[in-house]
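Each remark here refers to the structure printed beneath this line.
The values are calculated or read from the model by the stated rules, or taken from the named source; none is laboratory data. Remember, it's a predicted structure, so these values are computed and weren't measured experimentally. Cβ placement follows ideal geometry from the backbone for every residue including glycine, while neighbour counts extend to all protein chains displayed.
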Amino acid sequence: MFNDLESALKHFFGYDSFRAGQRKIIEEALNNQDLLVIMPTGGGKSLCFQLPALLKEGLTIVVSPLIALMKDQVDALQDNGIGATFLNSTLDYAEGRSRQEAILAGKIKLLYVAPERLLTEKFRSFLLRVANGLGLNAIAIDEAHCVSEWGHDFRPEYRQLKQLRSQFPQTPIFAFTATATKRVQDDIIQQLGLRDANVHLASFNRPNLHYEVKSKDKNSYYQLLKDIRRQSGSGIVYCLSRRRVEEIALKLKHDGIDALPYHAGLEAEVRSHNQTRFLRDDARVIVATVAFGMGINKPDVRFVFHFDLPRSLESFYQESGRAGRDGETAKSTLFFSFGDIKKVDYLIEQKPDPNEQRIARQQLNQVIDYAEGTVCRRTIILRYFGERFGGDCGRCDNCLEPKPIEDWTIEAQKFLSCMVRCRERFGMNHLIDVLRGSRNKKVQQYGHHLVSTYGIGKEKSIDEWKMLVRSLLHQGLISETNDGYRILRLNKNSWEILKKQRSVQIAVTQKKLGKGETKYSPRQAEAEILYEKLRVLRKNIADLQAVPPYVIFADSSLKLMSQLQPKNDKEFSRISGVNNHKLQQYGDKFLSIIQDFTRSQELPKPLPSKSQMATLQLHQQGLNPEEIANKRGFAMSTICTHLGDLLEMNQPVALNQLVKPERQKAIVEAIAKHGDVSLKTLRESLGKYYSYDEIKIVRGWWRSQREIF
């Protein structure tokens, strides 16, 4: 009937070409090969079993866990003129009987059923009639991760689907899911009895999603409200409990957001009504527990907010992935607090099986690692699924607003040495206890108070050590077992660190000094003080002119003024957002504030430290940064930081020997445009062919020249 698969695709579904990976999967399905297909939400999984069903003789059974999902897919197929139906508890006896007759008459190509019905004796007898008459050409199991206790939505009835293999041994079985770690993949194959299954694993990366984590406190509802008001389109807010769902939905409704609740405690009719209103854009926001979402086909969800902590990283990925299924830009925000950890931990304690508790705690810890991670969030998510990502995605909070990068090579060596001394048989918390010299019973029980690394890490807090360990994991510098115990293991990269062949750079969260206080570098603190003064001036001018403050200058312009601190009209005119008209109108006023501030901040220049002087002496002997680093046993980035600081202090460092003049010029131009506080911003502006080290060195010289002129 069809010359090729593309013709069939066009005929049944109206598409001219397949998405990545679909064609090969369909070819193997037509060859009756058992399949395991892991394809992210929106990737086109359904077509991979629907098209083969239409091209083969007989009936395809589709196992689906949700009534709403069955109806959505059947409605879409019928709208394309395709013979499809479902059998579930929403049908009365007469309707169910009528549909069975249509199946036996060969009018139906795809039958959707729930696993509970599929396993009843009565229904299996019906399937035998189908198999002996029309033929049963395939069994497609959707949301197959439900078969695995290691998955994010384990359903015990899915385990029994293996019975289908013994009852219909010649019928191929296709398993489809949006998410599955390697452990879950293996579990699916085993539990469903797949034979020589071909595994198709698409990338888990969703490049259109922007990921961010926000601290959660008593005022976070207002942050949630503000964020929703900022967003366009519809969205989902996930909460941990039914009570919280009702509370948030009611508050949003009161504040003018058309929001509806969804949870298992609502009557089925109310749940269905609320879901339908959301799918049809009659309600903008659905506030829900995890009871909502699996299989929801709404493609234009623009945001998903987790107002409470998800129970696993896999759940988080699946739920956040309900945003932007159409490939357009969408947002995922997680509100994180330590109070939520206690709530989830309490729920874990209610599980009767200790093994289930252990698995659930590992899953919770992986979520915490994501929330507290300082590297690219996309890297953390994809690493969980065994996929490598280079970082710097440009679409998460950590990449867009990077935390300061510091050299923690020595601390990493201490931690790795402790792993060696403890024979790679323990997890993060125990190793930190050893490093910090804890006297708890477990440390003494194993004799770890006697190892050479005991107490050598007292200068760092527990949170700082955890920050380092998470960064080591995310960068692939150590490994971790995936059996629920989270034992840390050394790998090839770890040994390179121990042998001083590799340095360790980590993004460092600013340390809290007390309630409401944060530790900044002196230059950052200075820039923030000036920024506030400039904001006051801007507000005063705006009030006099009866206009919003941003009409005068954008925040970004004020930030550049506070960082670059221009001294004259020429420098002021280079600030982004300043044109000749604004220079004439406001230049004198803003320059006056900046100059008064810089005069008040003038302090004697600091003297080089002992370590900086040692670097300077070796530099003056003609050694290059790499040779100095090798001689001193430091990372090269540390030596370049020394050289940049020395230049800023007007010490005799030969800049032209370190950075070529033409490269200096480009870096200085970038600093003039973007400011000198964020190395990350400067690197992004200059491109990957400029290193952080040379930017640091030139920045030090630039700062010294600003003081002279």
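Scanning region 31-40 turns up no residue that is among the hydrophobic types (A, V, I, L, M, F, W, C), assigned to a loop (DSSP other than H, G, I, E, B), in contact with an Asp or Glu (Cβ under 9 Å, 6 or more places away or on another chain) and on the phi < 0 side of the Ramachandran plot.
Quick one: would you say residue 14 is over 33 Å from the mean Cα position of the chain (by Cα), surrounded by fewer than 20 Cβ atoms within 10 Å (Cβ to Cβ) and modelled with pLDDT of 90 or more? Criteria not met by residue 14.
Going through (1) surrounded by 12 or more Cβ atoms within 10 Å (Cβ to Cβ); (2) not assigned by TED's automatic domain parsing to the domain that holds residue 691 one by one, residue 568 falls short only on (1). The single condition from (1) assigned to a helix (DSSP H, G or I); (2) over 32 Å from the mean Cα position of the chain (by Cα) that residue 24 fails is (2). Applying the condition of being of a type in the set (S, T, N, Q) and surrounded by fewer than 15 Cβ atoms within 10 Å (Cβ to Cβ) to region 83-139 and asking which residue is farthest from residue 188 (Cα to Cα) yields 98.
The set of residues in region 38-73 being among the β-branched types (Val, Ile, Thr) and buried (at least 20 other Cβ atoms within 10 Å of the Cβ) consists of 38, 41, 60, 61, 62, 63. Scanning region 486-499 for residues that are touching a residue at least 12 places away in the same chain (Cβ under 8 Å) and either in a helix (DSSP H, G or I) or farther than 18 Å from residue 421 by Cβ (or both), we see that the one that is farthest from the chain's Cα centre (by Cα) is 498. Only a single item in (1) surrounded by fewer than 20 Cβ atoms within 10 Å (Cβ to Cβ); (2) closer than 24 Å to residue 695 by Cβ is not met by residue 581, and it is number (2).
Select from region 418-441 the residues that are in a helix (DSSP H, G or I) and more than 17 Å from residue 462 (Cα to Cα) and write down the one among them that is nearest to the chain's Cα centre (by Cα). Applying the filter and picking the extreme gives 420.
Any chance you could count how many residues in region 336-364 are of a type outside the set (Asp, Glu), more than 14 Å from residue 310 (Cα to Cα) and assigned to a helix (DSSP H, G or I)? Counting residues in region 336-364 that are of a type outside the set (Asp, Glu), more than 14 Å from residue 310 (Cα to Cα) and assigned to a helix (DSSP H, G or I) gives 5. One residue alone among 365, 429 is in the same structural domain as residue 314 (by TED's automatic domain parsing) and under 30 Å from residue 211 (Cα atoms), and that residue is 365.
Could you check, for region 55-69, whether at least one of its residues is more than 26 Å from residue 129 (Cβ to Cβ) and out of contact with any Gly (no Cβ under 9 Å at 6 or more places or on another chain)? The answer is no; no qualifying residue exists. A search for C-beta distances below 9 Å between a residue of region 398-423 that is among the hydroxyl-bearing types (Ser, Thr, Tyr) and any residue that is part of a helix (DSSP H, G or I), counting only pairs 6+ apart in sequence or on different chains, returns 409/497; 409/637; 409/638; 417/498.
Matching residues to (1) assigned to a helix (DSSP H, G or I); (2) closer than 21 Å to residue 638 by Cα:
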residue: 382; (1), (2): yes, no
residue: 402; (1), (2): no, yes
residue: 416; (1), (2): yes, yes
residue: 450; (1), (2): no, no
residue: 453; (1), (2): no, no
residue: 466; (1), (2): yes, no
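Does at least one position in region 448-459 carry a residue that is touching a residue at least 40 places away in the same chain (Cβ under 8 Å), out of contact with any strand residue (DSSP E or B) (no Cβ under 7 Å at 6 or more places or on another chain) and either in the same structural domain as residue 365 (by TED's automatic domain parsing) or surrounded by 16 or more Cβ atoms within 10 Å (Cβ to Cβ) (or both)? The answer is yes, given that some residue of region 448-459 is touching a residue at least 40 places away in the same chain (Cβ under 8 Å), out of contact with any strand residue (DSSP E or B) (no Cβ under 7 Å at 6 or more places or on another chain) and either in the same structural domain as residue 365 (by TED's automatic domain parsing) or surrounded by 16 or more Cβ atoms within 10 Å (Cβ to Cβ) (or both). As for region 353-371, it holds at least one residue that is among the acidic types (Asp, Glu), closer than 24 Å to residue 303 by Cα and in contact with a Lys or Arg (Cβ under 7 Å, 6 or more places away or on another chain). The conditions of being closer than 20 Å to residue 398 by Cβ, without any contact (Cβ under 8 Å) to a residue 60 or more places away in the chain and not in a strand (DSSP E or B) are met by residue 367.
Residues checked against (1) at pLDDT below 95; (2) within 17 Å of residue 60 (Cα to Cα); (3) among the hydrophobic types (A, V, I, L, M, F, W, C):
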{"residue": "77", "(1), (2), (3)": "yes, yes, yes"}
{"residue": "80", "(1), (2), (3)": "yes, no, no"}
{"residue": "93", "(1), (2), (3)": "yes, no, no"}
{"residue": "96", "(1), (2), (3)": "yes, no, no"}
{"residue": "104", "(1), (2), (3)": "yes, yes, yes"}
{"residue": "109", "(1), (2), (3)": "no, yes, no"}
{"residue": "115", "(1), (2), (3)": "yes, yes, no"}
{"residue": "118", "(1), (2), (3)": "yes, yes, yes"}
{"residue": "121", "(1), (2), (3)": "yes, no, no"}
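If the condition is being basic (Lys, Arg) and closer than 27 Å to residue 81 by Cβ, then region 101-137 contributes 107, 109, 117, 129.
Can you tell me which residue within region 323-334, out of those that are modelled with pLDDT of 90 or more and more than 12 Å from the chain's Cα centre (by Cα), is nearest to residue 365 (Cα to Cα)? Among those residues, the one meeting the criterion is 323. With respect to the conditions (1) in a loop (DSSP other than H, G, I, E, B); (2) exposed (fewer than 12 other Cβ atoms within 10 Å of the Cβ), residue 623 lacks only one, and its number is (2). When the residues of region 365-394 are filtered to those that are more than 20 Å from residue 308 (Cβ to Cβ) and of a type in the set (Lys, Arg), the one that is surrounded by the fewest Cβ atoms within 10 Å (Cβ to Cβ) is 388.
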